[in-house]
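The values are calculated or read from the model by the stated rules, or taken from the named source; none is laboratory data. The structure presented is a predicted model; accordingly, all values stated were derived computationally and were not measured. Cβ placement follows ideal geometry from the backbone for every residue including glycine, while neighbour counts extend to all protein chains displayed. SASA here: full protein model, heavy atoms, side chains in, ligands and nucleic acids out. Shrake-Rupley method; radii C 1.70, N 1.55, O 1.52, S 1.80 Å.
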Amino acid sequence: MASYTLQAAAKINLYLEILGDRPDGYHELAMVMQSVGLSDRIDIRSISTDTIRIQCNHPAVPTDASNLAYRAVELVTQKFPDAMTHHGGVEVVIDKHIPVGAGLAGGSADAAAVLVGLDLLWKLGLTQSELQELGAQLGSDIPFCIAGGLAIATGRGEKLAALPSPNPLHLVLAKHRHISVPTGWAYQTFRKQFGDRYIATANATVLTDRWQRVHSGPLVRAVTQGDVDAIRAHLHNDFERIVFPTYPPVAKLRQCLADVSSIGALMSGSGSTVFALARSRAEAEAIQAHAQNVMADPDLDFWITEFVSAGVQLC
Ligand code: C5P
């Protein structure tokens, strides 16, 4: 039976601005996303029974229809009803390295890899944008996770404008093992506190103007030109305003990493992961050693990685 192995890269947000409400209940966003080397490994293969089977070595990852990877197989099966009859069922084995509930899009990355893998397994011949359209039906981050690299994401996060790959920076990711921030809670809390300042998103001109400001703005310029001195001043994540007061250890971690990183530190997505950018692997190691020493928190996990230019890759 045919099988494929894929690497599914995590992402970080170098910029995340919440602009306003959308009629579909989601939020209009302006983000700058970057893939990083920390990846899950996904094995996908045909099986003889007409079923969807998900296995994962991480106990917190569900293996039923609440897993986005499962729903990715289901969605493709609905779109191509003859494929399962022809090729048999599907087994997906997820070797989890990306922390769960971390703001790194680990679940979205796995689903992205399943879409790419299934396209190969069932010889569907879908284009990247067709795969991204399918991905957008499952989750806002999945289209980015398919393509990866550096991109501006707008709309719900599914509208992408790819940017040239920058000089790969190194980074330290740090997360409290027992702190996970539910994404739905983060958006609801942000709306409660700052909803009165949302822009009227029905006004398409205002929205386009905000997106363009990010596109031609100082962070994108600094990252694409490798101007590391300018990056620090322009890293931004709106979610820090609601996550830090509720989870003080995350605020403390961000401060500790920002104090020692020469390029800057930021929370990724809705948290709870915080990253610190570094000019070299040696600097990343020094930042980690400093944070371990100063924070002295046994609940903290660290990963050292670097920017990568792809989302899903065939191994
Ligand atoms: O799209 P995804 O399933 O990843 O989103 C998870 C949750 O985050 C949604 O149910 C929604 O509450 C919130 N969300 C939002 N606006 C976005 C993306 C996500 O409100 N642009």
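Structure notes:
- Hull shadow area, averaged, region 110-153 [alpha-carbon convex hull, nm²]: 2.9 nm²
- In the complete set of protein chains, residue-level accessible area for LYS252 is approximately 120 Å², probe 1.4 angstrom.
- Per residue, the average separation of C-alpha pairs within less than 8 Å and at least 6 apart gives region 136-260 a relative contact order of 18 percent.
- Kirkwood Rh in Å, taken over the chain so that all alpha-carbon pairs contribute: 20.0 Å
- Rolling a 1.4 angstrom probe over region 185-303 with all protein chains present gives an accessible area of which 50% lies on carbon and sulfur atoms.
- Whole-number percent relative contact order across the chain, with pairs defined as alpha carbons under 8 Å at least 6 apart: 26 percent
- Cα-only Debye scattering, region 165-306: base-10 log of I(q)/I(0) at q = 0.10 Å⁻¹: -0.39
- For the chain, accessible area per residue (1.4 Å probe, heavy atoms of protein chains only), Å²: 42 Å²
- Pairs of C-alpha atoms in region 1-92 farther apart than 17 Å represent 64 percent of all such pairs.
- Assuming charge only on the beta carbon of Lys and Arg (+1) and of Asp and Glu (-1), the dipole of region 68-110 about its Cα centre is about 120 debye to the nearest 20.
- From the C-alpha gyration tensor of region 48-151, square roots of 5λ in Å: 21, 18, 10
- Principal-axis tilt of helix 68-79 within the chain, Cα atoms, nearest 10 degrees: 50 degrees
- C-alpha center-to-center spacing [region 202-241, region 16-48] in angstrom: 18 Å
- Residue order for HIS215, HIS178 - accessible surface, 1.4 angstrom probe, largest first: HIS178, HIS215
- Exposure rank, largest accessible area first [VAL76, VAL116; 1.4 Å]: VAL116, VAL76
- Dipole magnitude (debye, nearest 20) for the chain, charges at Cβ of Lys, Arg, Asp, Glu: 400 debye
- The distance from the alpha carbon centre of region 286-303 to that of region 82-161 is 32 Å, rounded to a whole number.
- Per-residue SASA entry for THR5, accessible area with 1.4 Å probe, Å² rounded to 10: 30 Å²
- Of the solvent-accessible surface of region 29-156, computed with a 1.4 Å probe and all protein chains present, 49% belongs to carbon and sulfur.
- Convex hull volume per residue for region 210-251, taking Cα atoms only, in Å³: 78 Å³
- Assuming charge only on the beta carbon of Lys and Arg (+1) and of Asp and Glu (-1), the dipole of region 186-269 about its Cα centre is about 220 debye to the nearest 20.
- Restricting region 170-244 to trypsin sites (Lys or Arg not before Pro) in coil, as DSSP defines it, with at most 15 other Cβ within 10 Å: ARG177
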